[in-house]
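Engineer: Dumping the structure here so I can ask a few things about it.
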Amino acid sequence: MKTVNHWIGGKTVEGASGTYGPVTDPATGEVTTQVALASAEEVDAAVQVAKEAFQSWGQSSLAARTKVLFAYRALLDANRDAIAELITAEHGKVHSDALGEVARGLEIVELACGITTQLKGELSTSVSNRVDVSAIRQPLGVVAGITPFNFPAMVPMWMFPLAVACGNTFILKPSEKDPSASLKLAELASEAGLPAGVLNVVHGDKVAVDALLAHPDIAAVSFVGSTPIARHIHSTAAANGKRVQALGGAKNHMLVLPDADLDAAADAAVSAAYGSAGERCMAISAVVAVGSIADTLVEKIRERAEKIKIGPGNDPTSEMGPLITAAHRDKVASYVKGAADQGADVVLDGTGYTVDGFENGHWIGLSLLDNVKTDSDAYRDEIFGPVLCVLRAETYEEGVALINASPFGNGTAIFTRDGGAARRFQLEIQAGMVGVNVPIPVPVGYHSFGGWKDSLFGDLHIYGNDGIHFYTRGKVVTTRWPDPSDAPAGVDLGFPRNH
């Protein structure tokens, strides 16, 4: 059986803990690979390598860093298909979706290529007699990223390219469920000329995560995952003196007003709810239909959902693949099975779905629940699967109040032809990312990604300007140089005079 090992100091390092985790092909249910799970001692060894590499990389020129990043961008572009194939094999998403993931990750690499502009400081001259003040940003040192299974290439690329561009060295702890893509990213970075030890990949479970959170030589931790774990990451890392950004879960809403183009709204709802089998934190999992349009909108969604072709991710005709594990599939199915008991109308029931020839895969069909109540499990919890809830509101105000009452505040969208209503919505809604007739408002790479409330723990969002600020710290330098014609000055113990 294939074994996925660690990447430390620019080379493959075999696991020494003796503990391995299974990696499954979700389309077949077959364990195809084992991944080495690091001990605390192995995590420490990787951190020491990164700490040593920082001594030179942190002092390297911006020209040297960007030369590597431009080469890296070219290699990633040339290897898009190979990376996407690894994602499909271990995550299960269809190849086109995996390619899209790589493309969104490349956006952040491209942002990192322009780090020379992003790291420009500030200068104020003559703030006092021959006194100048400058502000600069410097790297933190060794930083770590803990990333989820649903985007095994994109989310790591949301973190480490900016971190290393800013002069840090990086420890990546990817999901142990689909680890191969992250290893490929590290190998390509080395091929691009990234010095040994600047980017390291350590596989593991809770043991490795806890070791990273407690390690005294790690200055900052980035995390993307569920809200309970994000809260734990934030509190633990902060208690250990680390800077932390922890992105949690979501329950993203789409408000559809009576004047909306219902065909466009239905297309968007199906794409945003069921794409990547609903395993994404920006999936639309709740549609709020306002007024008399609800019945028509539900019917249009049902018609489209029934036509989605489910199958193996490497089949070019498949539009949706399986879920990551059988246990997760069963958990998602439990929400659908319990929905009717909690007052919902089950318009489509995707439980019990199988694919001919792949009966042991982690399959589930598309589910559509109508008249869902806000106190039901299907609404309150982040299901993270292809289940779309429809709620009904009489007015715009009622719909906004419903959305704002959610403890999550990741992303939300409004579908309308009314510019005034859209403007009100973007100002009144309590969420970090808003779409207007855009169902999944993931910002482009040069704007930052992040939610509000229980969807983000920490002050700074990920990538964009916030990401650069997260991976650097500011320093202000005040200088005064005597003019060559000055006579030696006497001692002045008074407060410096600025005027």
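The values are calculated or read from the model by the stated rules, or taken from the named source; none is laboratory data. What you see is a predicted model; the values in this text were computed from it and never measured. Every residue, glycine as well, gets a Cβ built from its backbone with ideal geometry; the counts of neighbours run over all protein chains shown. These accessible areas exclude ligands, DNA and RNA; they are computed on the full protein's heavy atoms, side chains included. Shrake-Rupley method; radii C 1.70, N 1.55, O 1.52, S 1.80 Å.
Engineer: Can you spot a residue in the range 216-226 that is open to solvent by 10 Å² or more (accessible area, probe 1.4 Å), at pLDDT 95 or above, closer than 30 Å to Pro26 by Cα and outside any strand (DSSP E or B)? Explain how you work it out, then say what you get.
Structural biologist: Keep residues of the range 216-226 that are open to solvent by 10 Å² or more (accessible area, probe 1.4 Å), which gives 216-217, 219, 223-226.
Narrowing the set further to residues that are at pLDDT 95 or above leaves 216-217, 219, 223-226.
Adding the requirement that they be closer than 30 Å to Pro26 by Cα leaves 223-226.
Retained after the next criterion (residues that are outside any strand (DSSP E or B)): 225-226.
There is at least one residue in the range 216-226 that is open to solvent by 10 Å² or more (accessible area, probe 1.4 Å), at pLDDT 95 or above, closer than 30 Å to Pro26 by Cα and outside any strand (DSSP E or B).
Engineer: Sticking with this one: Right, Ala272: among the aliphatic types (A, V, I, L, M), in contact with a Cys (Cβ under 6 Å, 6 or more places away or on another chain) and on the phi < 0 side of the Ramachandran plot or not?
Structural biologist: Working: among the aliphatic types (A, V, I, L, M): yes; in contact with a Cys (Cβ under 6 Å, 6 or more places away or on another chain): no; on the phi < 0 side of the Ramachandran plot: yes.
So Ala272 fails the test.
Engineer: Can we say Val438 is modelled with pLDDT of 95 or more, among the β-branched types (Val, Ile, Thr), under 22 Å from the mean Cα position of the chain (by Cα) and open to solvent by 20 Å² or more (accessible area, probe 1.4 Å)?
Structural biologist: Working: modelled with pLDDT of 95 or more: yes; among the β-branched types (Val, Ile, Thr): yes; under 22 Å from the mean Cα position of the chain (by Cα): yes; open to solvent by 20 Å² or more (accessible area, probe 1.4 Å): yes.
The answer is yes for Val438.
Engineer: While we're looking at this one, here's another question. May I ask you to verify whether Ala27 is farther than 17 Å from Leu212 by Cβ and either among the hydrophobic types (A, V, I, L, M, F, W, C) or open to solvent by 20 Å² or more (accessible area, probe 1.4 Å) (or both)? If you could, list the steps in order and put the result at the bottom.
Structural biologist: Details: farther than 17 Å from Leu212 by Cβ: yes; either among the hydrophobic types (A, V, I, L, M, F, W, C) or open to solvent by 20 Å² or more (accessible area, probe 1.4 Å) (or both): yes.
Yes: the conditions hold for Ala27.
Engineer: Just to be sure I understand, how many residues within the range 1-16 are without any contact (Cβ under 8 Å) to a residue 60 or more places away in the chain and either open to solvent by less than 30 Å² (accessible area, probe 1.4 Å) or more than 27 Å from Asn314 (Cβ to Cβ) (or both)?
Structural biologist: 3
Engineer: Restricting attention to the range 27-50, report how many residues are closer than 14 Å to Asn360 by Cβ and touching a Lys or Arg at 6+ places or on another chain (Cβ under 9 Å). Write out each step before concluding.
Structural biologist: At the first step, the residues of the range 27-50 found to be closer than 14 Å to Asn360 by Cβ are 27-32.
Filter again for touching a Lys or Arg at 6+ places or on another chain (Cβ under 9 Å), leaving 32.
Total satisfying the criteria: 1.
To keep it simple, each residue is scored yes or no on (1) open to solvent by 20 Å² or more (accessible area, probe 1.4 Å); (2) β-branched (Val, Ile, Thr).
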residue: Val43; (1), (2): no, yes
residue: Arg65; (1), (2): no, no
residue: Tyr72; (1), (2): no, no
residue: Leu75; (1), (2): yes, no
residue: Ile83; (1), (2): no, yes
residue: Thr88; (1), (2): no, yes
residue: His95; (1), (2): yes, no
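Engineer: Still on this structure, please answer the following. Would you check if there is a residue in the range 120-129 being touching a Leu at 6+ places or on another chain (Cβ under 7 Å) and of a type in the set (D, E, K, R)?
Structural biologist: Quick first cut of the range 120-129, residues touching a Leu at 6+ places or on another chain (Cβ under 7 Å) only: none.
Scanning the range 120-129, I find no residue that is touching a Leu at 6+ places or on another chain (Cβ under 7 Å) and of a type in the set (D, E, K, R), so the answer is no.
Engineer: Now, a different point. Restricting to the range 359-373, what's the tally of residues that are out of contact with any Gly (no Cβ under 6 Å at 6 or more places or on another chain), open to solvent by less than 70 Å² (accessible area, probe 1.4 Å) and more than 14 Å from Ala289 (Cβ to Cβ)?
Structural biologist: First, the residues of the range 359-373 that are out of contact with any Gly (no Cβ under 6 Å at 6 or more places or on another chain): 359, 362-363, 368-372.
Going one step further and asking which of them are open to solvent by less than 70 Å² (accessible area, probe 1.4 Å), we end up with 362-363, 368-372.
Now restrict to residues that are more than 14 Å from Ala289 (Cβ to Cβ): 362-363.
Summing the residues that are out of contact with any Gly (no Cβ under 6 Å at 6 or more places or on another chain), open to solvent by less than 70 Å² (accessible area, probe 1.4 Å) and more than 14 Å from Ala289 (Cβ to Cβ) in the range 359-373 gives 2.
Engineer: Next up: Need pairs with beta-carbon distance below 8 Å; first residue over 20 Å from Lys453 (Cα atoms) and within the range 404-426, second assigned to a strand (DSSP E or B) and open to solvent by 10 Å² or more (accessible area, probe 1.4 Å); sequence gap 6+ or separate chains.
Structural biologist: Every condition considered, the pairs that remain are Thr416/Val436; Ala422/Val436.
Engineer: If you don't mind, another one. Can you pull out the residues in the range 73-127 that are within 16 Å of Lys184 (Cβ to Cβ) and small (Gly, Ala, Ser)?
Structural biologist: Within the range 73-127, Ala74, Ala78, Ala82, Ala84, Ala89, Ala98, Ala103, Gly105 meet the criteria.
Residue-wise test of (1) in contact with a helix residue (DSSP H, G or I) (Cβ under 9 Å, 6 or more places away or on another chain); (2) among the small types (Gly, Ala, Ser); (3) under 19 Å from Ala266 (Cα atoms).
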| site | (1), (2), (3) |
| --- | --- |
| Gly313 | yes, yes, no |
| Ile324 | yes, no, no |
| Ala333 | no, yes, no |
| Gly357 | no, yes, no |
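Engineer: Kindly list, by first and then second residue, each pair from a residue in the range 361-373 that is closer than 18 Å to Lys93 by Cβ to a residue that is among the aromatic types (Phe, Trp, Tyr), limited to pairs with Cβ atoms under 8 Å and residues at least 6 apart or on different chains.
Structural biologist: From residues that are closer than 18 Å to Lys93 by Cβ, the pairs are Trp363/Tyr353; Ile364/Tyr353; Gly365/Tyr353; Leu366/Tyr274.
Engineer: Among the residues of the range 162-192, how many are among the acidic types (Asp, Glu), outside any helix (DSSP H, G or I) and open to solvent by 10 Å² or more (accessible area, probe 1.4 Å)? Give the derivation first.
Structural biologist: At the first step, the residues of the range 162-192 found to be among the acidic types (Asp, Glu) are 176, 178, 187, 191.
If we keep only those that are outside any helix (DSSP H, G or I) too, we end up with 176, 178.
After this cut, where a residue has to be open to solvent by 10 Å² or more (accessible area, probe 1.4 Å) as well, the list is 176.
Residues meeting the conditions: 1.
Engineer: Could you pull out every one of the strands (runs of 3 or more DSSP E) wholly within the range 29-139 that has 2 or more residues that are of a type in the set (Asp, Glu), free of Cβ contacts under 8 Å to residues at least 24 places away in the same chain and more than 18 Å from Tyr471 (Cα to Cα)?
Structural biologist: Numbers: elements: 30-36, 122-128, 131-139.
Counting at least 2 such residues, we get no strands (runs of 3 or more DSSP E) at all.
Engineer: Additional query: Looking at (1) out of contact with any helix residue (DSSP H, G or I) (no Cβ under 9 Å at 6 or more places or on another chain); (2) surrounded by fewer than 18 Cβ atoms within 10 Å (Cβ to Cβ); (3) not in a loop (DSSP other than H, G, I, E, B), which is the one condition that is false for Gly241?
Structural biologist: Unmet for Gly241, out of (1) out of contact with any helix residue (DSSP H, G or I) (no Cβ under 9 Å at 6 or more places or on another chain); (2) surrounded by fewer than 18 Cβ atoms within 10 Å (Cβ to Cβ); (3) not in a loop (DSSP other than H, G, I, E, B): (3).
Engineer: Would you please list the contacts, defined by Cβ atoms under 9 Å and residues six or more apart or on different chains, that run from a residue in the range 376-400 that is on the phi > 0 side of the Ramachandran plot to a residue that is polar (S, T, N, Q)?
Structural biologist: Here the result reads Phe384/Asn150; Phe384/Ser226; Phe384/Ser285, each pair linking the range 376-400 to a residue that is polar (S, T, N, Q).
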